[in-house]
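Below you'll find the structure, written out as structure tokens, and then a few comments.
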């Protein structure tokens, strides 16, 4: 069956390259179900890019073809990618909110002569699975390493880690542990929980019973992160003085109104905050808010999608619209630009994004709205996860 699938994919590449006046870009993401907000942000970021830069690159017109994977489902993701390559004849694949979905598609890229631009999925190893993968999002190693330094400096010398039991969660746990222990801290206990977990009260009790001075947590943004942070407050951990540390997935802006004052002061490290103060971000937020319907719904997948479209446009430009995955990817190795998040570049060796990581603190504005305020910058961060794997 695997041979038949790969044969079907490779059959569309008859002479090494192909050209069409319309360049189709396939986007796979959660456009329905519990994580629909993240898929909505993919689309808003793409729409914002097209609104600001147009839908043409040279003589070619860009067409976006969306496919929905509501929850992590590697088999469905692979089947939809195959459909996009064979039937829709897309020249680029992008999106991918969940790591397992992205991993499942990487075997199709070479045979299909199609690059993959990762707009969210955050496991370091994805870029090692195919030379045709480029990342414009972040990794959990990249966002979880700096918060360990913050935690140690805050006086929390004993930490309990709680992460979702899948690729990014394991990466986040390993990243925090490596950096925290290097600083001189101690991991009191580590817990990995199923992705479907929605009752966090027993975990909060374990944290209190552990004697830890703080908790480090990673869960995929959406209902799970909202539930975890609410449980942290409702079970008295904040009142007990147990400090909370996490990458920014846990305080995405659309969740802040529901968390309310309980979130005030929570510190996270992340690659983007909607409040980032730059002309590029102001223009991005304005265009994205128009696309999604409200600034309050903007979350980090939008900036990964916006920058992903920029990278794909450079690929199309470099290949003159021809279908040539190797040449397209080679063209963006070392590419640098000013993103809404700040200065970024594509590492020529790893094809991972180098970017600033910001320490943010949840604050309340004069109008009563909540936001992530940037208070410190960790400049030009690569991916420690790839370095650790070598």
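The values are calculated or read from the model by the stated rules, or taken from the named source; none is laboratory data. Here the structure is a predicted model, which means the values were calculated and not measured. When we count neighbours, we look across all protein chains shown, and the Cβ atoms used for this are built from the backbone with ideal geometry, even at glycine.
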Study note, to complete from the structure: Taking first residues from the range 274-289 that are in contact (Cβ under 8 Å) with a residue 24 or more places away in the chain and on the phi < 0 side of the Ramachandran plot and second residues anywhere that are crowded, with 21+ Cβ neighbours inside 10 Å and part of a loop (DSSP other than H, G, I, E, B), the pairs with Cβ under 6 Å that are 6 or more apart or on different chains are 274/298; 280/340; 281/340; 284/340; 288/298
Check your understanding: Which condition number does residue 9 fail, the rest of (1) surrounded by 18 or more Cβ atoms within 10 Å (Cβ to Cβ); (2) modelled with pLDDT of 95 or more; (3) not in a loop (DSSP other than H, G, I, E, B) being met?
Key -> (2)
Check your understanding: In this structure, does residue 95 turn out to be under 18 Å from the mean Cα position of the chain (by Cα) and on the phi > 0 side of the Ramachandran plot?
Key -> yes
Check your understanding: From the list 161, 128, which residue is at pLDDT 95 or above, buried (at least 24 other Cβ atoms within 10 Å of the Cβ) and farther than 20 Å from residue 73 by Cα?
Key -> 161
**Study point:** Among the residues listed as 330, 367, the single one being over 26 Å from residue 98 (Cβ atoms), modelled with pLDDT under 95 and surrounded by fewer than 21 Cβ atoms within 10 Å (Cβ to Cβ)
**Key:** 367
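Kindly evaluate residue 104 against the criterion of being in contact with a helix residue (DSSP H, G or I) (Cβ under 6 Å, 6 or more places away or on another chain), assigned to a helix (DSSP H, G or I), within 19 Å of residue 74 (Cβ to Cβ) and without any contact (Cβ under 8 Å) to a residue 60 or more places away in the chain. Lay out the reasoning, then the answer.
Working: in contact with a helix residue (DSSP H, G or I) (Cβ under 6 Å, 6 or more places away or on another chain): yes; assigned to a helix (DSSP H, G or I): yes; within 19 Å of residue 74 (Cβ to Cβ): yes; without any contact (Cβ under 8 Å) to a residue 60 or more places away in the chain: yes.
For residue 104, the condition - in contact with a helix residue (DSSP H, G or I) (Cβ under 6 Å, 6 or more places away or on another chain), assigned to a helix (DSSP H, G or I), within 19 Å of residue 74 (Cβ to Cβ) and without any contact (Cβ under 8 Å) to a residue 60 or more places away in the chain - is met.
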Practice item. Can you give me the number of residues within the range 122-138 that are in contact with a helix residue (DSSP H, G or I) (Cβ under 6 Å, 6 or more places away or on another chain) and in a loop (DSSP other than H, G, I, E, B)? Key: 7
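For the range 29-45, what are the residues that are in contact with a strand residue (DSSP E or B) (Cβ under 6 Å, 6 or more places away or on another chain) and either free of Cβ contacts under 8 Å to residues at least 24 places away in the same chain or buried (at least 20 other Cβ atoms within 10 Å of the Cβ) (or both)? I'd like the intermediate steps shown before the answer.
Of the range 29-45, the ones in contact with a strand residue (DSSP E or B) (Cβ under 6 Å, 6 or more places away or on another chain) are 29, 31-32, 39, 42.
Residues satisfying the conditions are 29, 31, 39, 42.
Results for (1) touching a helix residue (DSSP H, G or I) at 6+ places or on another chain (Cβ under 6 Å); (2) part of a strand (DSSP E or B); (3) in contact (Cβ under 8 Å) with a residue 40 or more places away in the chain; (4) crowded, with 23+ Cβ neighbours inside 10 Å, shown as yes or no for each residue.
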{"position": "76", "(1), (2), (3), (4)": "no, no, no, no"}
{"position": "81", "(1), (2), (3), (4)": "yes, no, yes, yes"}
{"position": "88", "(1), (2), (3), (4)": "no, no, yes, no"}
{"position": "110", "(1), (2), (3), (4)": "no, no, yes, no"}
{"position": "120", "(1), (2), (3), (4)": "yes, no, yes, yes"}
{"position": "142", "(1), (2), (3), (4)": "no, no, yes, yes"}
{"position": "147", "(1), (2), (3), (4)": "no, no, yes, yes"}
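Give the range 236-276 a look and list any residue that's crowded, with 19+ Cβ neighbours inside 10 Å and either out of contact with any helix residue (DSSP H, G or I) (no Cβ under 8 Å at 6 or more places or on another chain) or part of a loop (DSSP other than H, G, I, E, B) (or both), or say none.
Narrowing the range 236-276 to residues crowded, with 19+ Cβ neighbours inside 10 Å: 237, 242-256, 259, 263, 266-274, 276.
237, 242, 252, 266, 271, 272, 273, 274, 276, listed by residue number.
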Check your understanding: Given the conditions (1) buried (at least 20 other Cβ atoms within 10 Å of the Cβ); (2) free of Cβ contacts under 8 Å to residues at least 60 places away in the same chain; (3) within 27 Å of the chain's Cα centre (by Cα), and given that residue 187 satisfies all but one, which numbered condition is not satisfied?
Key -> (1)
**Study point:** Search result, residues across the range 46-68 that are farther than 20 Å from residue 79 by Cβ, surrounded by fewer than 20 Cβ atoms within 10 Å (Cβ to Cβ), in contact with a strand residue (DSSP E or B) (Cβ under 6 Å, 6 or more places away or on another chain) and touching a residue at least 12 places away in the same chain (Cβ under 8 Å)
**Key:** 61, 63
